[in-house]
Amino acid sequence: MRSDIIKKGFERTPHRSLLKACGLTDADMAKPFIGVANSYIDIIPGHVHLQEFGRIVKEAIRAVGGVPFEFNTIGVDDGIVMGHDGMRYSLPSREIIADSIETVVQAHHLDALICIPNCDKIVPGMIMGALRCDVPTVFVSGGPMEAGHLADGTTVDLVTAFEAVGQFKRGQMTEIRLKEIEDKACPTCGSCSGMFTANSMNCLMEVLGIALPGNGTILATAAARRDLVRQAAGRVVAMALAGGPTMRELVDFDAIDNAFILDMAMGGSTNTVLHTIAIAREAGIDYPLARLNDLAQQVAYIAKVSPALSTVHVEDIGRAGGIPAILHEVNKRNPKVLHLDKPTVSGQTLREIVESAAVKDSRIIHLANDPISPTGGLRVLFGNLAPEGSVVKIAAVAPAMRQFSGPARIFDSMEEAAEGILAGQAQAGDVVVIRYEGPRGGPGMPEMLTPTANIMGMGLGESVALITDGRFSGATRGACVGHVSPEAAEGGPIGLLVEGDIIDLDLDAGKLNVRLTDAELARRRAAWKPVEKPLSSPWLRRYRKLVSNAAKGAVLEA
């Protein structure tokens with residue numbers, strides 16, 4: 001076993017002595033050592049219950065002949081840090097989490113790993129760290145939150161609360177209604193109930209083959225979620241004893257394809273693009289961003305979930321058959337697009353999982369012959385404003401906004417934009433530009449849910465577009481284009497714009513352009529001086545120096 005290096009031979013007498021101080025016995029030295037990476041933290045609703053999951057995992061590992069070692073990672077709640085400078089720490093936390101996983105597993109030569117994430121940066125951070133270690137690994141998430149319900153029966157969630165701010169500002173909502181939304185939008189523990197970033201990533205793990213079926217959709221509060229945790233613990237010990245499959249044997253080019261295919265079918269968060277590209281890079285895979293548009297043409301959009309449809313949440317997807325049912329219809333519509341013979345941590349191939357699935361409610365998961373749209377829910381845009389690409393959740397864009405032109409209304413920070421939109425500085429027909437908020441410029445590529453929710457709340461959702469070198473929460477909806485690369489801080493064209501420049505969006509054609517000649521862009525570039533925000537944080541200064549742009553997954557480069 002890999003762990004023999006810390007426990008076998010007379011030379012390891014002191015090592016075994018230290019292990020016995022942790023409660024191990026001589027008999028334990030012959031068993032696989034399993035790392036239990038738990039992201040429990042009190043300030044994230046998706047994670048407050050994960051101490052319990054850690055206990056369940058350790059009991060189950062011991063019961064089937066393994067030795068568990070639990071350790072923790074940090075976490076940042078994107079909703080709580082939204083709209084202020086705390087958001088600058090969110091994306092950088094992904095790198096700390098990946099480094100933490102690598103450090104503990106590699107330093108102690110653990111035989112296998114079970115990861116218990118749930119939200120935002122924690123899921124991709126753990127995947128990235130596990131790929132570096134390349135040991136048998138099973139992921140089991142904390143599960144989605146239940147949707148909330150107001151007294152009048154209205155279904156609400158986190159995006160309802162964000163958009164309510166703009167509605168209240170306009171005088172379209174009473175203070176009593178606002179308070180009821182605050183109290184009921186997030187009614188239980190779990191990852192926020194829509195197809196936001198956390199739930200998108202938890203669903204994608206099923207098709208990557210690194211989590212069991214049901215991982216993305218079984219509610220955090222359900223007894224079935226605890227059963228899934230026990231099953232995952234049993235599988236990781238079996239994989240440790242078998243010596244695999246390891247993470248890199250599961251996560252290859254075809255698995256990344258499968259992940260994006262699911263993303264297209266269910267209209268996942270645009271953050272999944274950023275994170276999955278980063279995951280591919282950790283796995284040593286060169287995955288071109290433009291390939292997403294090729295997949296979008298082959299995969300129909302068949303499951304519309306909040307924020308694209310406010311009445312449907314992740315729990316409804318689970319009730320309708322879950323991720324296997326979505327994949328079943330994808331395969332039925334186009335049998336050539338999915339790579340079904342991929343192994344998974346369940347011990348089954350993806351084909352076995354998909355072919356045994358069925359849609360239980362075709363109002364929630366549309367059948368292959370009745371798609372919501374014949375093309376996928378995400379689109380990558382290129383053009384003279386985004387030479388290396390940009391991303392939009394086309395599934396959450398009103399049809400009238402899929403082609404849009406308007407003058408640039410420019411803000412050099414997310415905070416300025418949020419305040420300006422509430423103050424009426426964005427008018428119907430404008431294209432709001434939020435720049436110097438990319439991985440380097442932010443730094444940390446903050447999410448733009450506050451300004452995008454303000455646009456919706458101010459009644460401008462079908463008359464104002466937004467582009468940014470920052471990123472969006474999975475809860476964002478509307479004609480919002482993010483990840484514009486190169487970013488402003490590295491001299492990208494978005495940094496050369498001036499107020500009033502006419503910007504053209506064509507989401508169907510995959511184009512994002514400004515009506516400027518190459519000569520004019522070159523003239524402006526010659527005179528350009530970057531905006532560099534003052535930073536007191538040594539960590540963020542290091543991050544700004546090392547981080548790549550969104551088209552490269554915003555990974556750190558030595």
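The values are calculated or read from the model by the stated rules, or taken from the named source; none is laboratory data. All of these numbers come straight from a predicted model, not from anything done at the bench. Counting neighbours? That spans all protein chains shown, and the Cβs are built from the backbone with ideal geometry, glycine included. Accessible surface areas use protein heavy atoms only, side chains included; no ligands, DNA or RNA. Shrake-Rupley method; radii C 1.70, N 1.55, O 1.52, S 1.80 Å.
Quickly run through the range 164-195 and pick out the residues that are open to solvent by less than 10 Å² (accessible area, probe 1.4 Å), in contact with a helix residue (DSSP H, G or I) (Cβ under 7 Å, 6 or more places away or on another chain) and within 21 Å of Asn118 (Cα to Cα).
Within the range 164-195, Ala185, Ser191, Ser193, Gly194, Met195 qualify.
Looking only at helices (runs of 4 or more DSSP H) that lie completely in the range 1-106, which have at least 3 residues being surrounded by 19 or more Cβ atoms within 10 Å (Cβ to Cβ)?
50-63
Determine, yes or no, whether Lys304 is in contact with a Gly (Cβ under 7 Å, 6 or more places away or on another chain), over 30 Å from Ala242 (Cβ atoms) and part of a loop (DSSP other than H, G, I, E, B).
Judged against the criteria, Lys304 is a match.
Test of understanding: among Val305, Val312, Val359, which residue is β-branched (Val, Ile, Thr), closer than 30 Å to Val156 by Cα and open to solvent by 20 Å² or more (accessible area, probe 1.4 Å)?
Val359
With the requirement that a residue be open to solvent by 10 Å² or more (accessible area, probe 1.4 Å) and small (Gly, Ala, Ser), what does the range 462-476 give you?
Ser463, Ser473, listed by residue number.
Residue pairs, Cβ under 6 Å, 6 or more apart or interchain, first in the range 473-502 and closer than 16 Å to Gly406 by Cβ and in a strand (DSSP E or B), second basic (Lys, Arg) and open to solvent by 20 Å² or more (accessible area, probe 1.4 Å). List them.
As it stands, the answer is Ile502/Arg515, since those pairs meet every condition given.
Would you tally the residues in the range 453-479 being among the hydroxyl-bearing types (Ser, Thr, Tyr) and either over 18 Å from the mean Cα position of the chain (by Cα) or at pLDDT 90 or above (or both)?
Adding up the residues that qualify gives 2.
Residues being out of contact with any Leu (no Cβ under 8 Å at 6 or more places or on another chain) and open to solvent by 10 Å² or more (accessible area, probe 1.4 Å): count how many of those fall in the range 199-216.
1
Checking Ile218 against (1) more than 19 Å from His47 (Cβ to Cβ); (2) within 19 Å of the chain's Cα centre (by Cα), which test does it fail?
Here Ile218 meets the rest and fails (1).
Within the range 510-526, can you find the residues that are surrounded by 12 or more Cβ atoms within 10 Å (Cβ to Cβ) and in contact (Cβ under 8 Å) with a residue 40 or more places away in the chain?
Once the filter is applied, which keeps residues that are surrounded by 12 or more Cβ atoms within 10 Å (Cβ to Cβ) and in contact (Cβ under 8 Å) with a residue 40 or more places away in the chain, the range 510-526 yields Gly510, Lys511, Leu512, Asn513, Val514, Leu516, Leu521.
Just give me the residues in the range 222-260 being under 21 Å from the mean Cα position of the chain (by Cα) and open to solvent by 40 Å² or more (accessible area, probe 1.4 Å), in sequence order.
Arg248, Asp252, Phe253, Asp254
May I ask you to verify whether Met195 is within 14 Å of the chain's Cα centre (by Cα) and modelled with pLDDT under 95?
yes
Please count how many residues of the range 138-155 are buried (at least 24 other Cβ atoms within 10 Å of the Cβ) and at negative phi.
The number of residues fulfilling the criteria is 8.
Restricting the search to the range 107-134, which residues are in a loop (DSSP other than H, G, I, E, B) and buried (at least 24 other Cβ atoms within 10 Å of the Cβ)?
Those that are in a loop (DSSP other than H, G, I, E, B) and buried (at least 24 other Cβ atoms within 10 Å of the Cβ): Leu110, Asp111, Pro117, Asn118, Cys119, Asp120, Lys121.
Based on what the data block shows, is Val391 open to solvent by less than 40 Å² (accessible area, probe 1.4 Å), over 23 Å from the mean Cα position of the chain (by Cα) and either modelled with pLDDT of 95 or more or over 21 Å from Val207 (Cα atoms) (or both)? Spell out the reasoning first.
On the way: open to solvent by less than 40 Å² (accessible area, probe 1.4 Å): yes; over 23 Å from the mean Cα position of the chain (by Cα): no; either modelled with pLDDT of 95 or more or over 21 Å from Val207 (Cα atoms) (or both): yes.
No: the conditions fail for Val391.
Across the range 87-128, which residue is farthest from Cys203 (Cα to Cα) among those that are touching a Phe, Trp or Tyr at 6+ places or on another chain (Cβ under 6 Å) and not aliphatic (A, V, I, L, M)?
Looking at the filtered set, the residue picked out is Asp111.
Conditions: (1) touching a Pro at 6+ places or on another chain (Cβ under 8 Å); (2) open to solvent by less than 40 Å² (accessible area, probe 1.4 Å); (3) at pLDDT below 95; (4) not β-branched (Val, Ile, Thr). Gly495 meets all but one. Number of the miss?
(3)
Give Ala396, Ala479, Ala423 a once-over and let me know the one that is of a type in the set (A, V, I, L, M), within 30 Å of Asn258 (Cα to Cα) and open to solvent by 10 Å² or more (accessible area, probe 1.4 Å).
Of the residues listed, the single one that is of a type in the set (A, V, I, L, M), within 30 Å of Asn258 (Cα to Cα) and open to solvent by 10 Å² or more (accessible area, probe 1.4 Å) is Ala396.
Specify which of the listed residues (Lys545, Lys529) is part of a loop (DSSP other than H, G, I, E, B) and without any contact (Cβ under 8 Å) to a residue 40 or more places away in the chain.
It is Lys529.
Just to be sure before I move on: is Ala428 open to solvent by 10 Å² or more (accessible area, probe 1.4 Å), of a type in the set (Gly, Ala, Ser) and at pLDDT 95 or above in the structure I sent?
The answer is yes for Ala428.
Does Leu292 meet the test of being touching a Phe, Trp or Tyr at 6+ places or on another chain (Cβ under 8 Å), at pLDDT 95 or above, crowded, with 20+ Cβ neighbours inside 10 Å and assigned to a helix (DSSP H, G or I)?
When the stated conditions are applied, Leu292 passes them.
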